[in-house]
Amino acid sequence: MTTDRFEEIAGNFEFLDEWEDRYRYVIELGKDMPALEEAFRVPATKVDGCASQVWIVPQIDGTGPDAVLHFRGDSDAMIVRGLIAILHALYDGQTARNVLATDALAQMARLGLDQHLSAQRSNGLRAMISRIRSLASGLAEQEDRT
């Protein structure tokens, strides 16, 4: 399951033949994101497992598996900011149920990112996906506890 915004990004990737152009596009996506205020750059929002500094700040609307997940993110590395922007396009505004049903790594593979990121960047991307899925999983479990 993907969003219109993610499909737009995927379509733009198809038009870019060279990986240098694709990297520039990812960086531009990151530049277009609003910066995260310093107050949110705290250990609780920091994503472990990334070579760069990465923060993801969730905002949840509702409870249970139908709660809608929004998030903001930031990084000190421009390419990573771009990856956050792509994850934002994939996940933001989705229900916890849909987040868990989305295979983010498969979607990133559609963009070719699985083959063109360094091992450290790939690990960081997996850590960011894991953080978002963990948030969604916690919401989905709320239904079971009630």
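If you go through the range 55-94 and keep only what is aliphatic (A, V, I, L, M) and closer than 16 Å to Leu36 by Cβ, you end up with Ile56, Val57, Ala77, Met78, Val80, Leu83, Ile84, Ala85, Leu87. Looking across the range 7-55, just one residue is among the polar types (S, T, N, Q) and within 17 Å of Ala89 (Cα to Cα), and that is Asn12.
Does the range 15-41 hold any residues that are farther than 20 Å from Arg72 by Cα and either among the polar types (S, T, N, Q) or surrounded by 10 or more Cβ atoms within 10 Å (Cβ to Cβ) (or both), and which are they? Answer for the range 15-41, where residues must be farther than 20 Å from Arg72 by Cα and either among the polar types (S, T, N, Q) or surrounded by 10 or more Cβ atoms within 10 Å (Cβ to Cβ) (or both): Leu16, Trp19, Asp21, Arg22, Tyr23, Arg24.
For the range 2-41, enumerate the residues that are over 24 Å from Ser118 (Cα atoms) and not charged (D, E, K, R). Thr2, Thr3, Pro34, Ala35, Leu36, Ala39, Phe40 - these are the residues of the range 2-41 that are over 24 Å from Ser118 (Cα atoms) and not charged (D, E, K, R). Just give me the residues in the range 43-65 being in contact with a helix residue (DSSP H, G or I) (Cβ under 7 Å, 6 or more places away or on another chain), within 13 Å of Arg131 (Cα to Cα) and modelled with pLDDT of 95 or more, in sequence order. Across the range 43-65, the qualifying residues are Val47, Val54, Trp55, Ile56, Val57, Pro58.
Residues in the range 92-124 that are within 13 Å of the chain's Cα centre (by Cα) and not in a helix (DSSP H, G or I): Asp92, Gly93, Gln94, Thr102, Asp103. Each residue in the range 16-42 was checked for being at pLDDT 95 or above and farther than 15 Å from Gly82 by Cβ, and 6 pass. Only a single item in (1) out of contact with any strand residue (DSSP E or B) (no Cβ under 8 Å at 6 or more places or on another chain); (2) modelled with pLDDT of 95 or more is not met by Ala109, and it is number (2).
Scanning the range 49-99 for residues that are among the β-branched types (Val, Ile, Thr) and buried (at least 20 other Cβ atoms within 10 Å of the Cβ) returns Val54, Ile56, Val80, Ile84, Ile86, Thr95, Val99. Sort through Asp76, Asp66 and tell me the only one that's closer than 22 Å to Leu100 by Cβ and among the charged types (D, E, K, R). Exactly one residue qualifies, and that residue is Asp66.
With in contact with a Lys or Arg (Cβ under 9 Å, 6 or more places away or on another chain) and not hydrophobic (A, V, I, L, M, F, W, C) as the only criterion, which of Ser130, Ser137, Ser75 stands out? It is Ser75.
Selection of the range 16-52 for residues being touching a residue at least 24 places away in the same chain (Cβ under 8 Å), touching a strand residue (DSSP E or B) at 6+ places or on another chain (Cβ under 8 Å) and in a loop (DSSP other than H, G, I, E, B) yields Met33, Pro34, Ala35, Leu36, Arg41, Val47, Cys50, Ser52. Taking the range 65-80, which residues are touching a residue at least 60 places away in the same chain (Cβ under 8 Å) and under 12 Å from the mean Cα position of the chain (by Cα)? Hits for the range 65-80 are Leu69, Phe71.
The values are calculated or read from the model by the stated rules, or taken from the named source; none is laboratory data. Just so it is clear, the structure is predicted and the values come from calculations on it, not from any experiment. Note: ideal-geometry Cβ built from the backbone for every residue, glycine included; neighbour counts use all protein chains shown.
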